[in-house]
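Heads up, the thing below is written out as structure tokens.
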Amino acid sequence: MTTSAVDRRIRSLRQPKPHVDPYSALGSLLEDERRPDGKIEQALTVFLAGAECPFTCSFCDLWRLTIDGPTTPGALTTQLEKVLDQLAGPLPDRLKIYNASNFFDQRAVPPADLDGIATLAAGFGAVTVESHANTIGPRTLSFARRIQARLEVAVGLETIHPVAAAQLNKRLELTRFDSAASFLADNGIDLRVFVLLGAPYVPADESIEWTVRTVEYAVRRGASVVSIIPVRGGNGELERLQALGHFNPPTLSQLEAAVDASSQYRSAVVTADLWDVERLPACPSCRSDRIERMRLMNLTGHLEPPIACTMCAEP
């Protein structure tokens with residue numbers, strides 16, 4: 001992919017990357033997840049270290065967790081094998097492989113590794129990988145046929161706000177997202193979607209509305225799971241946009257309101273991404289209660305009673 005002037009500006013504002021060992025996974029997480037049929041799955045998420053995504057989105061912070069240059073063949077299978085060797089007891093229901101890039105980009109996941117990853121995934125009932133919509137195609141179908149499990153692909157839709165979507169530097173047209181969603185559905189592959197709360201160029205007073213509208217867009221195109229992710233600052237570009245008045249960091253109450261409003265869509269699981277949620281601005285008196293409320297809603301799908309707080313203006 002050709003590097004643009006916008007790419008170079010975004011990259012120039014970043015802090016140096018920390019050292020990443022290309023043969024050791026960045027970490028793993030075992031947690032319960034709800035599916036659209038109400039079943040609670042145990043999911044193992046493995047964060048693999050590999051090549052950086054080439055799309056250079058303005059909001060991205062995942063570049064910190066990548067290596068310089070392409071992923072070395074065999075490195076990903078080595079990382080995954082080490083994590084799986086440490087598991088005790090029966091395998092979880094789902095294996096989620098997140099590589100801070102695009103699973104179907106050959107620079108990030110060498111073709112030689114696909115058979116090894118498929119072998120290591122044997123025994124799981126379902127496998128989730130992440131990909132930009134532009135890289136979904138024949139390699140996706142080939143991998144789905146290699147594994148014994150049902151495949152799910154996590155795709156960043158981010159926002160359907162027309163101005164914001166054009167400014168994210170994601171190089172994603174809605175028509176391309178639609179065709180990728182249709183391709184997955186036609187081939188029996190599940191779709192998980194990431195939606196942003198607080199996307200740059202979305203006015204603060206419209207942030208919740210556009211997040212919910214984007215959730216609806218994803219659900220109508222067959223998403224089985226939609227995760228609402230608050231935009232996290234710290235990559236340099238977001239601070240530049242904030243200084244220009246184009247970015248308003250989202251708050252905990254906005255995340256809570258977006259999840260509440262999205263609970264109307266019952267055909268899909270809509271959750272709040274609670275990774276680093278402590279960074280979101282919030283009332284210190286009710287912060288923990290609100291986080292726990294969203295955690296419960298993520299797991300049960302039930303709209304929990306609102307939190308009453310005498311120390312802030314929230315309901």
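The values are calculated or read from the model by the stated rules, or taken from the named source; none is laboratory data. Because the structure is a prediction, the values reported are computed rather than measured. Note that each Cβ is placed from the backbone with ideal geometry, even for glycine, and that neighbours are counted across all protein chains shown. Protein only, heavy atoms only, side chains kept; ligands, DNA and RNA dropped before computing areas. Shrake-Rupley method; radii C 1.70, N 1.55, O 1.52, S 1.80 Å.
The table below gives the values:
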{"read-out": "Gly198 in contact with a His (Cβ under 8 Å, 6 or more places away or on another chain), closer than 26 Å to Lys17 by Cα and either of a type outside the set (Asp, Glu) or open to solvent by 10 Å² or more (accessible area, probe 1.4 Å) (or both)", "value": "no"}
{"read-out": "Options Asp105, Asp37, Asp115, Asp32; residue that is in contact with a helix residue (DSSP H, G or I) (Cβ under 9 Å, 6 or more places away or on another chain), of a type in the set (Asp, Glu) and part of a loop (DSSP other than H, G, I, E, B)", "value": "Asp105"}
{"read-out": "Long-range neighbours under 9 Å by Cβ, at least six apart or interchain, first residue among the β-branched types (Val, Ile, Thr) within segment 250-267, second assigned to a loop (DSSP other than H, G, I, E, B)", "value": "Thr251/Gly198; Thr251/Leu280; Thr251/Pro281; Thr251/Ala282"}
{"read-out": "Long-range neighbours under 6 Å by Cβ, at least six apart or interchain, first residue touching a residue at least 40 places away in the same chain (Cβ under 8 Å) within segment 135-157, second open to solvent by 10 Å² or more (accessible area, probe 1.4 Å) and hydroxyl-bearing (Ser, Thr, Tyr)", "value": "none"}
{"read-out": "Qualifying residues in segment 73-91 (those that are part of a loop (DSSP other than H, G, I, E, B), open to solvent by 60 Å² or more (accessible area, probe 1.4 Å) and touching a helix residue (DSSP H, G or I) at 6+ places or on another chain (Cβ under 9 Å)) - the one farthest from Leu13 (Cα to Cα)", "value": "Leu91"}
{"read-out": "Cβ-Cβ under 8 Å pairs, at least 6 apart or on other chains, segment 171-196 side assigned to a loop (DSSP other than H, G, I, E, B) and among the basic types (Lys, Arg), far side open to solvent by 30 Å² or more (accessible area, probe 1.4 Å) and modelled with pLDDT under 95", "value": "none"}
{"read-out": "Hits in segment 160-192 (condition: closer than 25 Å to Ala144 by Cα and of a type in the set (Val, Ile, Thr))", "value": "Thr175, Ile189"}
{"read-out": "Selection within segment 258-294 - more than 14 Å from Val225 (Cβ to Cβ) and under 17 Å from the mean Cα position of the chain (by Cα)", "value": "Ala258, Leu274, Trp275, Asp276, Val277"}
{"read-out": "Count of segment 208-251 residues which are of a type outside the set (S, T, N, Q) and part of a helix (DSSP H, G or I)", "value": "17"}
{"read-out": "Options Arg94, Arg107, Arg171; residue that is among the basic types (Lys, Arg), within 28 Å of Leu196 (Cβ to Cβ), surrounded by 19 or more Cβ atoms within 10 Å (Cβ to Cβ) and at pLDDT 95 or above", "value": "Arg94"}
{"read-out": "Matching residues in segment 136-168 - criterion: being within 20 Å of Thr45 (Cβ to Cβ) and open to solvent by 20 Å² or more (accessible area, probe 1.4 Å)", "value": "Ala144, Gln148, Arg150"}
{"read-out": "Members of segment 251-301 found to be among the charged types (D, E, K, R) and open to solvent by 30 Å² or more (accessible area, probe 1.4 Å), listed by number", "value": "Asp260, Arg266, Asp273, Asp276, Glu278, Arg279, Arg287, Asp289, Glu292, Arg295"}
{"read-out": "Output for segment 40-68, where each listed residue is modelled with pLDDT under 95 and either basic (Lys, Arg) or surrounded by fewer than 14 Cβ atoms within 10 Å (Cβ to Cβ) (or both)", "value": "Arg64, Asp68"}
{"read-out": "Options Phe124, Phe143: the member that is of a type outside the set (Ser, Thr, Tyr) and in a loop (DSSP other than H, G, I, E, B)", "value": "Phe124"}
